[in-house]
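K.L.:
Let me begin by handing over the structure; questions about it come next.
Bear in mind that the values in this text are calculations on the coordinates, not laboratory data. As the structure is a computational prediction, the values presented were derived from the model and not from experiment. Every residue, glycine as well, gets a Cβ built from its backbone with ideal geometry; the counts of neighbours run over all protein chains shown.
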Amino acid sequence: MLRRPLSFEDKRLVSPPPSRLSLLTLILALLPPHHLHFKSNCIPTQPNTNIAIAIAASIIGKMASDNLRTLVVTGTRADWSKLQPVCRAFIRVLGKIDVFITGMHLEEAYGYTANLVRQLEGVDQFHMHKNQTLGPHQTEVMEETIKGLAKVLRDRKITDVVVHGDRVEACTAAMVARQHGIRLHHIEGGELSGSIDESYRHAVTAFTTYSYVCSASAKDLVVKNLGQHPQTVFNIGSPEMDAHARDYGVSLNDVKRKYGIPFAGEYGIVSFHSVTSELDGMHEQAAYLFATLEEYGKNFIVIMPNNDPGTDAIRDIIGKILEGKRSDRFFQSANIDFEHFSVLQKNASVFIGNSSAGVREMPFHGVGSINVGSRQNNRVPDIPAIINAPANDAAALLRALKSFWGKKFARDKTFGDGTAEEKLVGALKTPGHFDRSVQKSFYLPG
């Protein structure tokens, strides 16, 4: 005989199955009084077991979500292009986040890009902390970052910290989070490169609770070589590819007018940063590179170097070129909005330098890239769109420019296909994702 389902309007007192009585009692005890509603003509009786469990699960889940407070740490114009989709994913899952803004974002020389970060919607609080001046020593940056970040973690009762990549701010945030017993989420770990960046990146992985990598090889490295458990590693691709895959509805001429770029025809992009393990040679390397660009005789958009030790030597060379009689062929910029820079990248005739943009973003756009020197060692994929050139060989640099200028290639998806945000949302929704202990046990593959 079919039995009529019970509801809150039932006037009969019905006991649940004995096996579920203790569970139901516990759940009902956890329910706030305002969640037990009865109609005025009803006798307060035992509500339907399944309904009670569903209500309790929803409330407990909401309470758990309310107790989570995630802080995203950003220190450069470059990492923010990757962290924007990451922030949106966390906001979609948790409802709100905090953002800690520091580093180059707060430097006028780099366009004070903190204003761009503050445009993100869904942020509960932005925390601004100046941790450096131009050309700082990295230990000073670490010291100032610790001071500002530790206070925010305590005051805001942060439960989860998100960092990107391999900068000093990311490494510092990882250590501070671990000292405070906070879960760490690392974006784009497991890559190989040159300079001190690689040491920073792998050090962050040592503190990481969850690693969101951008390639299959990076996933293998963090699991097999760095002790990250496979269940905590998610290959989502590089989040910046999401932005590059979008159509912003902005034309190349619109971008040129906005920034005053004077070139009517073809142009290349050059981005050359300091290699902190080769400081004594940075002036010479920059001199070789920019002298070669002068000799080549084409137009170039010059992206100013990051604020790292050794940057003064590169800036000195760039300054001398811009003061020279051929300066009309070089346009200098410390900061271009990401969506506008993406348009410039798509339409460039070539990219040259030692930025990760040349290794990851330009091949995604199908534009040839000349990787100069050692800064991206071991990160460069073996693909037709990239050619390597030594930093102190002007003849080799010139040959590379002549062979790659104007060449177009098929889109390369080694570092992602433009769906990182959706993949990250899926990872964050994995049952128990925000319950994992911060106590890390290193995984040793059998």
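K.L.:
Under the rule a/c < 1.5 gives rounded, and otherwise a/b versus b/c splits prolate from oblate, where does segment 252-404 land using the Cα gyration tensor?
P.N.:
rounded
K.L.:
Further question on the same structure: Mind listing the long-range amide H neighbours of Gly418? Cut-off is under 5 Å, sequence gap 5 or more, other chains count too, H placed in the peptide plane at 1.01 Å from N.
P.N.:
Asp242
K.L.:
Let me ask something else about it. Filter Lys320/Lys407; Lys130/Lys346; Lys224/Lys440; Lys147/Lys219; Lys256/Lys413; Lys96/Lys219 down to the pairs with a C-alpha to C-alpha distance above 23 Å, please.
P.N.:
Checking Cα-Cα distances, Lys320/Lys407; Lys130/Lys346; Lys147/Lys219; Lys256/Lys413; Lys96/Lys219 exceed 23 Å.
K.L.:
Also, I was wondering about something else. According to the square roots a ≥ b ≥ c of the eigenvalues of the Cα gyration tensor, what is the shape class of segment 209-321, taking rounded for a/c under 1.5, prolate for a/b larger than b/c otherwise, and oblate for the remainder?
P.N.:
Taking the square roots of the gyration eigenvalues as a ≥ b ≥ c, segment 209-321 is oblate.
K.L.:
Quick query: amide H of Asn235 versus all other amide H atoms, modeled in the peptide plane; which residues come in under 5 Å with a sequence gap of 5 or more or a different chain?
P.N.:
Close amide H contacts, sequence-distant or interchain: Val213.
K.L.:
Here's another thing I want to ask about it. 5 Å is the cut-off here: which amide hydrogens, built 1.01 Å from N in the peptide plane, fall below it relative to His164, excluding neighbours closer than 5 in sequence?
P.N.:
Ile187
K.L.:
Going by how many other Cβ atoms sit within 10 Å of their own, how do Ser369, Ser195 line up, fewest first?
P.N.:
Ser195, Ser369
K.L.:
Which order do Thr139, Thr145, Thr76 fall in if you start with the one that has the fewest other Cβ atoms within 10 Å?
P.N.:
Thr139, Thr76, Thr145
K.L.:
What distance in nm separates the simple spin-label points at Phe263 and Asp124, each placed 7 Å from Cα in the Cβ direction?
P.N.:
Placing both labels 7 Å along Cα→Cβ, they lie 4.6 nm apart.
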